[in-house]
Amino acid sequence: MPTIAKNRIVRSVAPNSAIADLKNVLSSAISYNQGDLLFFDDALNLVKPVSADADCATFLGIAQQSVVSGVPKPVYQGTAVDASVAIEGLAGPAYGVEAKMKLKSGDVFNPGDLVYGTAVDAQTVSSAGTNAIGIYVDAAVTASSGSEGVVRLGLRFRTSGLVI
């Protein structure tokens, strides 16, 4: 099932962004949707959508707007993007927010548990992994297909661990 753009942020607790403007850390090869989890690729010095738990070693937060081929997705033009238009600014990923994320089917989530990125898609979190990206703050659940739950997202960018 394809990932769609969705404003997943439900509460701003202490909103912040490690990189406030993304215009200098994107390339024309990068596309992601609003609501995707984003990380910093140290090898290429670019921001990209999470595609595995390992990506979360440099986790930045949740995308506040969609990007197609390195430029903001036009609001009223569907998917067409005019790549010749200069980018004036692009909101960086937010952390310190609570977001209603998709939950990995079969995983058990309890309030206070750490959550991790997955290879499922850039909007799904898991209850098992190596690089924690947030804390589950919703009611206890064993996730099934289509389950969502609220996660307080942190930052793992050039720190010794998760920052909430």
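The values are calculated or read from the model by the stated rules, or taken from the named source; none is laboratory data. Note that this is a predicted model, so its numbers are computed, not measured. A quick note on method: Cβ atoms are made from the backbone with ideal geometry, for glycine too, and the neighbour counts reach across all protein chains shown. The area values use the complete protein model at the heavy-atom level, side chains included, leaving out ligands, DNA and RNA. Shrake-Rupley method; radii C 1.70, N 1.55, O 1.52, S 1.80 Å.
Summary table
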item	result
Residue selected from region 27-47 under the condition acidic (Asp, Glu) and more than 11 Å from Gln64 (Cα to Cα), by the criterion surrounded by the most Cβ atoms within 10 Å (Cβ to Cβ)	Asp41
Region 90-147, residues that are at pLDDT below 95 and over 18 Å from Gly61 (Cα atoms)	Ser145, Gly146
Strands (runs of 3 or more DSSP E) within region 96-164 that include 1 or more residues aromatic (Phe, Trp, Tyr)	114-117, 132-136
Those residues of region 4-26 which are within 18 Å of Val47 (Cβ to Cβ) and either outside any loop (DSSP other than H, G, I, E, B) or open to solvent by 40 Å² or more (accessible area, probe 1.4 Å) (or both), in sequence order	Ala5, Ile9, Pro15, Asn16, Ala18, Ala20, Asp21, Lys23, Asn24
Residue in region 48-58 that is open to solvent by less than 20 Å² (accessible area, probe 1.4 Å), modelled with pLDDT of 90 or more, hydrophobic (A, V, I, L, M, F, W, C) and under 12 Å from Phe157 (Cβ atoms) present	yes
Number of the condition not met by Ala43 [criteria: (1) aliphatic (A, V, I, L, M); (2) under 20 Å from Ala57 (Cβ atoms); (3) in contact with a strand residue (DSSP E or B) (Cβ under 6 Å, 6 or more places away or on another chain)]	(3)
Sole residue being open to solvent by less than 50 Å² (accessible area, probe 1.4 Å), touching a Pro at 6+ places or on another chain (Cβ under 7 Å) and of a type in the set (A, V, I, L, M), chosen from Ala132, Ala122	Ala122
Positions within region 107-119 being open to solvent by 10 Å² or more (accessible area, probe 1.4 Å) and more than 17 Å from the chain's Cα centre (by Cα), in sequence order	Asp107, Val108, Asn110, Pro111, Gly112, Asp113
